[in-house]
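Step one of this worksheet: look at the structure below.
The values are calculated or read from the model by the stated rules, or taken from the named source; none is laboratory data. Not measured: the values here are computed from a predicted model. Because the Cβ atoms are built from the backbone with ideal geometry, glycine has one as well, and the counts that use them run over all protein chains shown.
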Amino acid sequence: MVRIRLKRVGAKRQPAYRVVVADARAPRDGAFIEEIGYYHPRSDAQPVRVDVDRARLWLGRGAQPSRTARDVLRKAGVFEGDRGA
């Protein structure tokens, strides 16, 4: 199964995350298929950036987002416009 999840990067006590598409069996910070964005929870300027088209493509192919990744994708507007379609 393919998952959309967060990969932790950054220094101690300064977390930053990359939004990646990875095999569900791969380790959290291990190999991934594609990087589609980032999330900087401690940043004031643009904390979330996601390539919406690529995220929707992977979701359409059956990739399942983790709970946290789903919240990040929602902040980025990936799920907007899907309602009522």
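Scanning the range 38-45 turns up no residue that is surrounded by 16 or more Cβ atoms within 10 Å (Cβ to Cβ), in a strand (DSSP E or B) and touching a residue at least 40 places away in the same chain (Cβ under 8 Å).
Of all residues in the range 15-43, those satisfying the criterion of being in contact with a His (Cβ under 9 Å, 6 or more places away or on another chain) and over 22 Å from LEU59 (Cβ atoms) are PRO15, ALA16. Taking into account only those residues within the range 1-19 that are closer than 18 Å to GLN46 by Cα and among the hydrophobic types (A, V, I, L, M, F, W, C), which is surrounded by the fewest Cβ atoms within 10 Å (Cβ to Cβ)? The qualifying residue surrounded by the fewest Cβ atoms within 10 Å (Cβ to Cβ) is VAL9. If you filter the range 46-59 down to residues that are outside any helix (DSSP H, G or I) and not aliphatic (A, V, I, L, M), you find that the one that is surrounded by the most Cβ atoms within 10 Å (Cβ to Cβ) is ASP51. Can you confirm whether LEU73 is assigned to a strand (DSSP E or B) and in contact (Cβ under 8 Å) with a residue 60 or more places away in the chain? Against the criterion (assigned to a strand (DSSP E or B) and in contact (Cβ under 8 Å) with a residue 60 or more places away in the chain), LEU73 does not qualify. Determine, yes or no, whether GLY62 is part of a loop (DSSP other than H, G, I, E, B), at pLDDT 95 or above, closer than 17 Å to MET1 by Cα and of a type outside the set (Phe, Trp, Tyr). So GLY62 passes the test.
Criterion applied to ALA11, ALA69, ALA76, ALA63 was being over 12 Å from the mean Cα position of the chain (by Cα) and of a type in the set (Gly, Ala, Ser), and the one residue passing it is ALA11.
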